[in-house]
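*Asks:* Sending over a structure as structure tokens; questions will come in a sec.
The values are calculated or read from the model by the stated rules, or taken from the named source; none is laboratory data. Given the structure is predicted, the values throughout are model-derived calculations rather than measurements. Here the Cβ positions follow ideal geometry from the backbone for every residue, glycine too, while neighbour counts run over all protein chains shown.
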Amino acid sequence: MPERDLQYLTELAAQLRVDSVRAAAAAGSGHPTSSMSAADLMAVLFSCHLRYDFEHPDNPGNDHLIFSKGHASPLLYSLYKAAKVIDDDELLSFRRRGSLLEGHPTPRLPWVDVATGSLGQGLPVGVGVAMAGRLERLPYRVWVLCGDSELAEGSIWEAAEHAGTEGLANLTVIVDVNRLGQRGPTRHGWDTGAYARRFGAFGWHTIEIDGHDPGQIDFALADAGNTRRRPTVILAKTRKGEGVVEVENREGAHGKALKDPDKAVDELGGPRSVRVDVQRPEGEAEPYHFDTSPAAVPEYQVGERAATRTAFGAALAALGAARGDVVALDGEVADSTKTQEFAEAFPERFFEMYIAEQQLVAAAVGLAVRGWIPYAATFAAFLTRAHDFIRMAGVSQASIRLVGSHAGVSIGEDGPSQMGLEDLAMMRSVYGSTVLYPCDANQAAALTVEMAEVSGVSYLRTTRGDTPVIYPPGERFPVGGSRVLRRSDEDRATIVAAGITVHEALAAADELKDAGVPVGVIDLYSVKPVDAAVLVEAATTTGNLITVEDHRLEGGLGDAVLDAVSELGPRVVKLAVTGLPGSATPEEQLADARIDRHAIAAAVKRLL
């Protein structure tokens, strides 16, 4: 590397350290030392290898940079200052109320793809973005900056195996091996060979370098760009707090502003005004578009019996034909979730993620970054493994569609390990989420199509067994709606149900009618957002609500209803799964959980 270039890169890295120290000092908090260790790595990347048009963040040819170690945000924001997309005043607004420069990066900044900071997530999401690049036939590269501490996360190795197996050569991970975590040394310290052996076992090209040597960094990044048929990991040995004696390679400095920032800035050579001109992508990039064809949503006749999971699979295949931007991801249960129909029709847009639910959700987020419409399906119970990824998808405001089948005790003999009984509560709590629970095949098909236009994290809960078709084909079920299935002026109570319990509620209503106790029935297929107007009317007119759900008592349908009507003060009785199920038939499970038709009728009688 020419001496002039070496001097420039050294000065740029020093400026990044200075500005990281200054930003954290202005905030009184932050992670300057974790930023300082990676400054040389990012100086070379931005100056020599990154291709990005900051004026047009939506340029399809742009590279993607993901700070998996999101706590190093002072470094990222210092890079933006060097690239002249923010000024010094904005840099020093770091972590202040109303500032876009948050403690950990979020897509409120137009150059940030996803929210990071929950460690172990940047690489799995980067895998999804790299998958999208292959799907789009675009030459952009995905660069992920990881810390060595987060390599203890299992999600990192889910991502490593998938990327290695798929040969994602457009993906490069730069690991800042600075040896120190939050409370002390990391598991392998500076033993970059230990990490190299692990990545190498998954089929990665591995490069071990001195992370403070611009020449080695430049060579490694170029080598990564020239590597074919496999991803690259650059394992860079660095020193935390590099350049300042007070904190360099010292324990106890993590996550703190420096005690004497002015002295540190002087030690680093003082403030600078070095500019980095990031190269823009070459030429005009045009993503590949898949052909579409007319397709009809599947139809089921009233009185038939069909599983909502079956209707979902058929509707997804129809949607895939009509929309070339729809993709599907499976957690190795496509024959059960019924995404197999999509896989057979559109194999290039179907991704088998195997039993790696964190990577399943992360890949969906990565595909959504590039504008794809992802549907990711597995058993409802197993989505709980990926709760943190779903939570962070909400923070990213990523538009992904999750589908959980085999929900509730109604799955029958498989027993409690397979029963999704916490999923409604989990999904309702996610920021900006939509939660849908159809009761029949036509409703499930319609909601599958409806989800394609829903922003944020949306969730469709499907049922394993066949249920009666009660709605005619062609009806629409808007998000936030409900259906009043039974109502009269004489109603003494209203039963609110969704999914499998709608049919139990209807049977209970018939039983109560024969006993001279008229009740209303509401199908609350949109659990979030709920149809508050319909619930308020029912609470006002009957004063008694009975909610029934194939889900735990906490956080599900009953709580959604209670939230909507609590100020009115009606009596609300919640029927839900409170015990620990065993193995039994679906009908026995519903009876044992006291959410079947007879239990509903008995609850109404007790209430009245």
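*Asks:* Of the numbered conditions (1) farther than 26 Å from residue 423 by Cβ; (2) at pLDDT 95 or above, residue 569 fails exactly one; give the number of that condition.
*Replies:* (2)
*Asks:* Condition first: closer than 30 Å to residue 28 by Cα, in contact with a helix residue (DSSP H, G or I) (Cβ under 6 Å, 6 or more places away or on another chain) and acidic (Asp, Glu). Can you find one or more residues in region 234-243 that meet it?
*Replies:* Within region 234-243, one or more residues are closer than 30 Å to residue 28 by Cα, in contact with a helix residue (DSSP H, G or I) (Cβ under 6 Å, 6 or more places away or on another chain) and acidic (Asp, Glu).
*Asks:* From (1) farther than 13 Å from residue 395 by Cβ; (2) surrounded by 23 or more Cβ atoms within 10 Å (Cβ to Cβ); (3) among the hydrophobic types (A, V, I, L, M, F, W, C), pick out the condition that doesn't hold for residue 92.
*Replies:* (2)
*Asks:* Could you tell me whether residue 584 is of a type outside the set (D, E, K, R), under 14 Å from residue 508 (Cβ atoms) and outside any strand (DSSP E or B)?
*Replies:* Answer is no for this residue.
*Asks:* Counting only residues that are among the hydrophobic types (A, V, I, L, M, F, W, C) and more than 30 Å from residue 592 (Cα to Cα), which one in region 391-444 is surrounded by the fewest Cβ atoms within 10 Å (Cβ to Cβ)? Spell out how you get there, then give the answer.
*Replies:* Here is the first cut: in region 391-444, the ones among the hydrophobic types (A, V, I, L, M, F, W, C) are 392-393, 395, 398, 400, 402-403, 407, 409, 411, 419, 421, 424-427, 430, 435-436, 439, 441, 444.
If we keep only those that are more than 30 Å from residue 592 (Cα to Cα) too, we end up with 392-393, 395, 398, 400, 430.
Working: 392: 26, 393: 29, 395: 18, 398: 27, 400: 30, 430: 22.
So the residue we want is 395.
*Asks:* Further question: Checking the conditions here, which among 427, 419 is modelled with pLDDT of 95 or more, within 16 Å of the chain's Cα centre (by Cα) and not assigned by TED's automatic domain parsing to the domain that holds residue 578? Working first, answer last.
*Replies:* Numbers: 419 fails: within 16 Å of the chain's Cα centre (by Cα).
None of the others qualify; the one that does is 427.
*Asks:* Consider region 458-479. How many of its residues are over 20 Å from residue 551 (Cα atoms) and touching a residue at least 60 places away in the same chain (Cβ under 8 Å)?
*Replies:* Our first condition is that a residue be over 20 Å from residue 551 (Cα atoms); within region 458-479, this holds for 468-479.
Add one more test, that the residue is touching a residue at least 60 places away in the same chain (Cβ under 8 Å), and what stays is 468-474.
Within region 458-479, residues that are over 20 Å from residue 551 (Cα atoms) and touching a residue at least 60 places away in the same chain (Cβ under 8 Å) number 7.
*Asks:* Based on this model, can you work out whether residue 217 counts as at pLDDT 95 or above and in a helix (DSSP H, G or I)? Talk me through it step by step, then tell me what you get.
*Replies:* Working: at pLDDT 95 or above: yes; in a helix (DSSP H, G or I): yes.
In short, yes.
*Asks:* Scan region 550-571 for residues that are under 33 Å from the mean Cα position of the chain (by Cα), part of a loop (DSSP other than H, G, I, E, B) and buried (at least 20 other Cβ atoms within 10 Å of the Cβ) and jot them down.
*Replies:* 556
*Asks:* Kindly state which helices (runs of 4 or more DSSP H) lie completely within region 301-373 and contain at least 3 residues that are farther than 24 Å from residue 66 by Cβ and touching a Ser or Thr at 6+ places or on another chain (Cβ under 8 Å).
*Replies:* The qualifying helices (runs of 4 or more DSSP H) are 308-322.
*Asks:* Just to check your reading of the model, which residue among 232, 238, 192 is under 27 Å from residue 19 (Cβ atoms) and in contact (Cβ under 8 Å) with a residue 40 or more places away in the chain?
*Replies:* 238
*Asks:* Enumerate the helices (runs of 4 or more DSSP H) found wholly within region 73-164, keeping only those where 2 or more residues are touching a strand residue (DSSP E or B) at 6+ places or on another chain (Cβ under 9 Å) and within 25 Å of residue 274 (Cα to Cα).
*Replies:* Numbers: elements: 73-82, 88-91, 122-136.
Here the list reads 73-82.
Residue by residue, here is whether (1) modelled with pLDDT of 95 or more; (2) surrounded by fewer than 19 Cβ atoms within 10 Å (Cβ to Cβ); (3) not in a helix (DSSP H, G or I) holds:
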residue: 502; (1), (2), (3): yes, no, no
residue: 509; (1), (2), (3): yes, no, no
residue: 518; (1), (2), (3): yes, yes, yes
residue: 548; (1), (2), (3): yes, no, yes
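*Asks:* Let me ask something additional. Output the number of the condition that residue 209 fails; it satisfies all remaining conditions of (1) in contact with a helix residue (DSSP H, G or I) (Cβ under 6 Å, 6 or more places away or on another chain); (2) hydrophobic (A, V, I, L, M, F, W, C); (3) under 24 Å from residue 356 (Cβ atoms).
*Replies:* Condition not satisfied by residue 209: (3).
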